[in-house]
Amino acid sequence: MSTRVGTDIAEAARLLSAGGVVAMPTETVYGLAALARDADAVRRVYSIKGRPLDHPLIVHVANEEAAREWAGSWSPTADALAKRFWPGPLTLIVNRADFVPDFVTGGRPTVALRVPSHPLAIELLRRVDDGLAAPSANRFGRVSPTTAEHVRNDLGDDVDYVLDGGACDVGLESTIVDCSVDPPQILRPGGVAREDIEAVVRTLAPMSGPSRAPGMLDSHYAPNCRVVLRENDDESEPRSSGATRALDASVDPSSFARDMYAHLRNADSDGIETLVITLPAPHGIGLAIRDRLRKAAAQR
Ligand code: TXA
Ligand code: MG
């Protein structure tokens, strides 16, 4: 039987509550969701993704109050960021509550928490009335999905249901801020701009050096084609071979972000060998676009 794709939120909630694995839409990318307290369901998420067990998962919750239950402590920084950006594309790393299972945190003393803003995600979380662990709904190392069809193409019959919430608004993953350290640090640039975080948290630790978010590998978000990146002011001819396509992310970065993963997928399905992309400036959403494209272009 083939996986059902649809908008039946009652069915999606029923399957999750019974220990199933459901792909859910969020405003960033589609997530592969399971009850965060259910060891067998979470194990299935890891195995469907082919993800190493020590890469911890984000727990999605309906609101700040629910997030605070999963947190062992709630710092003034976490509080200010949550009040400013939730629901929305921000993940907070905080000290975990005692009950939070090791199979979610990879045995860490911290947990990643996020309140998504997609209306179907919020409604699903309300109905399930518990935290949902959800990594992006792609196979490990590959391009993240931003439509139900992407999930269907990637994961086939491995998931119990794909809740179709249309194309994701932001198009790339949440910004991760580690609030368990002082000063706080951005571990992954994403849907909330660094400048907007800095307006709330005056002092941030620099983002340089290897990321402390496990699983932030050099090669990730990878299509099969070769990705060649260039700066906006680069006038040299890009090194391309075979069927080539050129894209410009510098003109309208937000709209590029929304379609970025679809562009990477389409290049492969259209038989493109070299995808040449002009990078956006490194501020606003441009920082996250550059991060993802650098990984998509990395040697593998
Ligand atoms: O927008 C998003 O964040 C999407 C949607 C589905 O919510 N989710 C997502 O999940 O991108 P995933 O699993 O692909 O990426 C989560 C990242 C991983 O790099 C993981 O290592 C990091 O969050 N992470 C999770 N828990 C952590 C923790 N306790 N400490 C440090 N990093 C953590
Ligand atoms: Mg991912």
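The values are calculated or read from the model by the stated rules, or taken from the named source; none is laboratory data. For clarity, every value in this text was computed on a predicted model and none was experimentally measured. Glycine also receives a Cβ, built like all others from the backbone with ideal geometry; neighbour counts cover every protein chain displayed. What goes into the accessible areas is simple: the full protein's heavy atoms, side chains included, and nothing from ligands, DNA or RNA. Shrake-Rupley method; radii C 1.70, N 1.55, O 1.52, S 1.80 Å.
Scan the range 273-291 residue by residue and report those that are assigned to a helix (DSSP H, G or I), among the small types (Gly, Ala, Ser) and out of contact with any strand residue (DSSP E or B) (no Cβ under 8 Å at 6 or more places or on another chain).
Initially, the range 273-291 is screened for residues assigned to a helix (DSSP H, G or I), giving 286-291.
From what's left, among the small types (Gly, Ala, Ser): 286, 288.
Hit for the range 273-291 is Gly286, nothing else.
Against the condition touching a Pro at 6+ places or on another chain (Cβ under 8 Å), of a type in the set (A, V, I, L, M, F, W, C) and either more than 20 Å from Lys295 (Cβ to Cβ) or within 16 Å of ligand 2 (Cβ to nearest atom) (or both), how does Leu217 come out, does it pass?
no
Scan Val100, Val128, Val59 and give me the residue that is open to solvent by less than 10 Å² (accessible area, probe 1.4 Å), among the β-branched types (Val, Ile, Thr) and in contact with a Leu (Cβ under 8 Å, 6 or more places away or on another chain).
Numbers: Val100 fails: in contact with a Leu (Cβ under 8 Å, 6 or more places away or on another chain); Val128 fails: open to solvent by less than 10 Å² (accessible area, probe 1.4 Å).
The unique qualifying residue is Val59.
Restricting attention to the range 139-177, which residues are in contact with a Leu (Cβ under 8 Å, 6 or more places away or on another chain), crowded, with 24+ Cβ neighbours inside 10 Å and not β-branched (Val, Ile, Thr)?
Across the range 139-177, the qualifying residues are Ser144, Leu163, Ser174.
List the number of the failed condition for Thr203; all other conditions in (1) polar (S, T, N, Q); (2) within 16 Å of ligand 2 (Cβ to nearest atom); (3) exposed (fewer than 11 other Cβ atoms within 10 Å of the Cβ) hold.
Of everything listed in (1) polar (S, T, N, Q); (2) within 16 Å of ligand 2 (Cβ to nearest atom); (3) exposed (fewer than 11 other Cβ atoms within 10 Å of the Cβ), Thr203 misses just condition (2).
Which residue pairs have Cβ atoms closer than 6 Å, lie 6 or more positions apart in sequence or on different chains, and pair a first residue in the range 34-48 that is farther than 16 Å from Val111 by Cβ with a second residue that is open to solvent by 30 Å² or more (accessible area, probe 1.4 Å) and assigned to a helix (DSSP H, G or I)?
Ile48/Asp158
Quick one: in the range 183-200, of everything that is away from ligand 2 (no atom under 16 Å from the Cβ) and outside any helix (DSSP H, G or I), which residue is most open to solvent (accessible area, probe 1.4 Å)?
If we filter the range 183-200 for residues that are away from ligand 2 (no atom under 16 Å from the Cβ), which is where we start, we get 183-186, 192-200.
Imposing the further condition that a residue be outside any helix (DSSP H, G or I) reduces the set to 183-186, 192-193, 199-200.
On the way: Pro183: 47, Pro184: 8, Gln185: 30, Ile186: 9, Val192: 13, Ala193: 16, Ala199: 73, Val200: 48 Å².
The selected residue is Ala199.
Please name all residue pairs, on different chains or six or more residues apart, with Cβ atoms under 7 Å, provided the first residue is in the range 271-300 and is surrounded by fewer than 19 Cβ atoms within 10 Å (Cβ to Cβ) and the second residue is aromatic (Phe, Trp, Tyr).
Between residues of the range 271-300 that are surrounded by fewer than 19 Cβ atoms within 10 Å (Cβ to Cβ) and residues that are aromatic (Phe, Trp, Tyr), the close pairs are Lys295/Tyr221.
Which of (1) closer than 23 Å to Tyr221 by Cβ; (2) more than 16 Å from ligand 1 (Cβ to nearest atom); (3) of a type outside the set (A, V, I, L, M, F, W, C) is the odd one out, the single condition Asp54 does not satisfy?
Failed condition: (2).
When you scan the range 240-256, do you find a residue that is touching a helix residue (DSSP H, G or I) at 6+ places or on another chain (Cβ under 6 Å) and assigned to a helix (DSSP H, G or I), even just one?
yes
Among what's in the range 122-165 and is of a type in the set (Lys, Arg) and within 12 Å of ligand 1 (Cβ to nearest atom), pick the residue that is nearest to Ser47 (Cα to Cα). Spell out how you get there, then give the answer.
Taking the range 122-165 as the starting set, the residues that turn out to be of a type in the set (Lys, Arg) are 126-127, 139, 142, 152.
Still in the running and within 12 Å of ligand 1 (Cβ to nearest atom): 139, 142.
Values: Arg139: 10, Arg142: 15 Å.
It comes out as Arg139.
When you scan the range 221-231, do you find a residue that is more than 22 Å from Gly88 (Cβ to Cβ) and either near ligand 1 (Cβ under 8 Å from one of its atoms) or among the basic types (Lys, Arg) (or both), even just one?
As a first pass, look at the range 221-231 and keep what is more than 22 Å from Gly88 (Cβ to Cβ): 222-231.
Pick out the ones that are also either near ligand 1 (Cβ under 8 Å from one of its atoms) or among the basic types (Lys, Arg) (or both) and you get 226, 230.
Yes, the conditions are met somewhere in the range 221-231.
If the requirement is being touching a residue at least 40 places away in the same chain (Cβ under 8 Å), buried (at least 20 other Cβ atoms within 10 Å of the Cβ) and either in contact with a strand residue (DSSP E or B) (Cβ under 8 Å, 6 or more places away or on another chain) or part of a loop (DSSP other than H, G, I, E, B) (or both), which of these qualifies: Ser219, Ser180?
On the way: Ser219 fails: buried (at least 20 other Cβ atoms within 10 Å of the Cβ).
Being touching a residue at least 40 places away in the same chain (Cβ under 8 Å), buried (at least 20 other Cβ atoms within 10 Å of the Cβ) and either in contact with a strand residue (DSSP E or B) (Cβ under 8 Å, 6 or more places away or on another chain) or part of a loop (DSSP other than H, G, I, E, B) (or both) holds for just one of Ser219, Ser180, which is Ser180.
Quick test of your reading of the structure: Gly107 fulfils all but one of (1) within 11 Å of ligand 1 (Cβ to nearest atom); (2) in contact with a helix residue (DSSP H, G or I) (Cβ under 6 Å, 6 or more places away or on another chain). Name the failing condition by number.
Single failed check for Gly107: (2).
Within the range 42-56, identify whether any single residue is within 29 Å of Asp259 (Cβ to Cβ), within 15 Å of ligand 2 (Cβ to nearest atom), open to solvent by less than 40 Å² (accessible area, probe 1.4 Å) and of a type in the set (Gly, Ala, Ser), and answer yes or no.
No, the conditions are met nowhere in the range 42-56.
Which number in (1) open to solvent by less than 30 Å² (accessible area, probe 1.4 Å); (2) part of a helix (DSSP H, G or I); (3) of a type in the set (Val, Ile, Thr) marks the one condition that Thr77 misses?
For Thr77, the failing item is (1).
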